[in-house]
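What follows is a short report on a single structure.
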Amino acid sequence: AVICDVANKDDIHPNEKETVGRRLAVHALRRDYGFADLQDNSPSVESVSREGTNLVVKCRDAKSLYVYNPDRSLKNNFEIAGADGVWKRAAIVNAVPTKDPKKGVNVNGGEITDPDRIVLCAVGVAEPVKVRYWFAPPYYGAVYNEVNLPLGPFEAEVK
């Protein structure tokens, strides 16, 4: 179970033990107790490709993806690099803010418009070849699948 979003980066013991317990319980329910309809996997990287100056991260175990931040922004902890190996903060191109229809304000972050693809770009990276997530401070994750399970840290190259 991915627990980086509730862990303590300075201590191996996570602070939010209830969340960890729930995620492990869902694994047990699906894998050991026959609840085959439960989604128990966090999204993970299936492939990385380049489309012009953008990188596309295709995820498995995601029927939909969204960005969640307590400050209601679309900030994230993705970085991409070109052949020079210099990492630059990346923006999620295909994320749109989620608005409260009554208040007209951003309610939590945003939706990623492609069901299983995260499109990234970074200023100063014309030909991206690598992507990583959760590798630089501040250490936080912001991308979740439809059952609220987080995308875990990864580093990958265009294949």
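The values are calculated or read from the model by the stated rules, or taken from the named source; none is laboratory data. Because the structure is predicted, anything quoted here is derived from the model rather than measured. Reconstructed Cβ throughout: ideal geometry from the backbone, glycine too, with neighbour counts over all protein chains shown. Only protein heavy atoms, including side chains, enter the accessible area calculation; ligands, DNA and RNA are left aside. Shrake-Rupley method; radii C 1.70, N 1.55, O 1.52, S 1.80 Å.
Structural remarks
- Mean Cβ neighbour count within 10 Å, used as a protection proxy, ranking 71-81, 90-100 highest first: 71-81, 90-100
- The chain, accessible surface, carbon-and-sulfur percent (1.4 angstrom probe): 52 percent
- In terms of its C-alpha gyration tensor, the range 19-100 has a prolate overall shape, because the principal axis ratio a/c (a ≥ b ≥ c, square roots of the eigenvalues) is not below 1.5 and a/b outweighs b/c.
- Per-residue ellipticity at 222 nm, computed for the chain from helices alone with -39500 (n - 2.57) per DSSP H run of at least four residues, works out to -3000 deg cm²/dmol.
- Think of a 1.4 Å ball rolled over the protein heavy atoms: the range 18-159 then has 54 Å² of accessible area per residue.
- Gap separating the Cα centres of the range 117-159 and the range 40-109, nearest whole Å: 7 Å
- Surrounding net charge for PRO150, when Lys and Arg each add one and Asp and Glu each subtract one, Cβ distance under 14 Å: -3
- Sorted peptide list for 119-131, 29-41, criterion being average Cβ within 10 angstrom, highest first: 119-131, 29-41
- Here the chain is assigned +1 on the Cβ of each Lys and Arg and -1 on the Cβ of each Asp and Glu. Its dipole about the Cα centre then comes out at about 280 debye.
- Cβ-Cβ FRET estimate between ASN108 and ASP32, R0 fixed at 30 Å, reported to 0.05: 0.35
- Sequence-distant residues sharing a close amide H with ASN94 (under 5 Å, placed H): VAL119
- Label corresponding to P(r) over Cα pairs in 10 Å bins from 0, in percent when calculated from the structure given, among [x] 12, 45, 37, 7, 0; [y] 9, 25, 29, 26, 10, 1, 0; [z] 11, 36, 34, 16, 2, 0: [z]
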